[in-house]
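Each remark here refers to the structure printed beneath this line.
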Amino acid sequence: MKTTFLTILTGCFLSIQANTPQSDRPIITTWQNDKQAAICYTFDDACPNQFTTAIPILDRYKAPATFFVAEVFNPDWNVLKQVCGNGHEVASHTLTHCNLNDSVAANEYRESNQLIFSKTGEKVHTLAYPYCNAPSDSITEKYYIGARICSGQIEKATPDNFMRISSIVVGSESSLTTGEELTKLFDKTLQQKGCCILLIHEIDNGPGYSPLSSEALEQSLEYTRKNPAFWITTFKDYICYAKERDNAKIKEIRRSRKEISFTVNDNLPNDIYKTPVTVSYPLPSNWSEATVTCEGKEIEAEIVDHKILINVVPDTGIVTIKKK
Ligand SMILES: [Zn+2]
């Protein structure tokens, strides 16, 4: 009896919440495409099986990842250049993979960034500290928009300190070795609406540190494919999204019976911060279908519960929603 009563109560509570009118103001959703949590697969040290085994799996799941490379590991630059073109991020793990201190950090950062740019043609914006040892933030923030430590926590939607973003070590040297353990961690991330940054080294039986089985990697990706609440993204896009979301202002500039126009602007440098943010715009109740253009070009949008979800790169002009 007790159980039934509780169930009824919970049911009432939910339906009351659902009927509560929500704010009519447009917002930027916590995560892209209104997903409920973010997952970053990050790979360190250019371990051999990352290239032969992990990348084909990631590509099969269309899952962008971040590869933190240091020159000392002799990474395969040809593969890394292709990887960049395929939506992944190649970023800095310093030049020599040394224990950083304030006297060597700037040199390690500059030379590593130059090397990666010369080999891949892509500018570097993020860093993973070797051995998770961070020097003074004031040095690191001159070179990077965010840097990764490994304090083992799920990160918040906005990290307290972008120069010390937490990650979680996985594989044989950790307590996270199976697909099931990884998916439990993802569920926890969902409860917190946070970001889970996995720190992966070797895959399967390669010679690198703390190997994770390709089976576990694949099971975790399969879980995110079945559960559409997760946003799989690169470390850089996670950082850009968080800063843009917190910084950008949506401004309605025109409204008629058939058309709404608005802009999304932020004060972040546009050459780095160009990750699309998802605007959730409430529609008038008699608009069941709409088309969206940005500076005249049609863009994709989705209507959910009388709100239209639109992906917009901040500072790219006027977005117009037209009633169909
Ligand atoms: Zn390393």
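The values are calculated or read from the model by the stated rules, or taken from the named source; none is laboratory data. Source: prediction; values computed, not measured. Note that each Cβ is placed from the backbone with ideal geometry, even for glycine, and that neighbours are counted across all protein chains shown. Each accessible area value is taken on the protein alone, full model and side chains, heavy atoms only, with ligands, DNA and RNA left out. Shrake-Rupley method; radii C 1.70, N 1.55, O 1.52, S 1.80 Å.
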Could you tell me which of the residues T234, T316 is within 25 Å of the chain's Cα centre (by Cα) and either assigned by TED's automatic domain parsing to the domain that holds D59 or open to solvent by less than 10 Å² (accessible area, probe 1.4 Å) (or both)?
T234
Options N286, N270; residue that is part of a loop (DSSP other than H, G, I, E, B) and under 25 Å from the mean Cα position of the chain (by Cα)
N270
Among P159, P130, P135, which is open to solvent by less than 40 Å² (accessible area, probe 1.4 Å), assigned by TED's automatic domain parsing to the domain that holds C196, out of contact with any Pro (no Cβ under 7 Å at 6 or more places or on another chain) and more than 16 Å from the ligand (Cβ to nearest atom)?
P159
Would you check if there is a residue in the range 45-57 being modelled with pLDDT of 95 or more and within 20 Å of I165 (Cβ to Cβ)?
yes
The condition from (1) assigned to a strand (DSSP E or B); (2) assigned by TED's automatic domain parsing to the domain that holds F67 that Y281 misses is numbered (2)
Filter the range 78-98 down to residues that are touching a residue at least 40 places away in the same chain (Cβ under 8 Å) and buried (at least 18 other Cβ atoms within 10 Å of the Cβ) and give me whichever is farthest from T53 (Cα to Cα).
H97
Among the residues of the range 163-177, count how many are open to solvent by less than 40 Å² (accessible area, probe 1.4 Å), of a type outside the set (G, A, S) and in a loop (DSSP other than H, G, I, E, B).
3
Given the options T10, T29, T3, T66, name the one that is within 30 Å of I200 (Cα to Cα) and either away from the ligand (no atom under 16 Å from the Cβ) or at pLDDT below 95 (or both).
T29
Restricting attention to the range 86-108, which residues are within 15 Å of the ligand (Cβ to nearest atom) and either in contact with a strand residue (DSSP E or B) (Cβ under 6 Å, 6 or more places away or on another chain) or closer than 21 Å to I239 by Cα (or both)?
V90, A91, S92, H93, T94
Consider G208 carefully, then state whether it is within 14 Å of the ligand (Cβ to nearest atom) and either basic (K, R) or assigned by TED's automatic domain parsing to the domain that holds A65 (or both).
yes
Starting from the range 193-206, take each residue that is open to solvent by less than 10 Å² (accessible area, probe 1.4 Å) and list its partners that are in a loop (DSSP other than H, G, I, E, B) and of a type in the set (A, V, I, L, M, F, W, C), counting only C-beta distances under 6 angstrom and pairs at least six apart or across chains.
G194/I154; C196/I154; L198/V170; L199/C150; I200/V170; E202/C47
Among the residues of the range 69-85, are any assigned to a loop (DSSP other than H, G, I, E, B), touching a helix residue (DSSP H, G or I) at 6+ places or on another chain (Cβ under 9 Å), within 12 Å of the ligand (Cβ to nearest atom) and of a type in the set (G, A, S)?
yes
Filtered residue count, the range 96-135, keeping only those that are under 25 Å from the mean Cα position of the chain (by Cα) and not in a helix (DSSP H, G or I)
13
Exception for K188 within (1) open to solvent by less than 60 Å² (accessible area, probe 1.4 Å); (2) more than 16 Å from the ligand (Cβ to nearest atom) falls at (1)
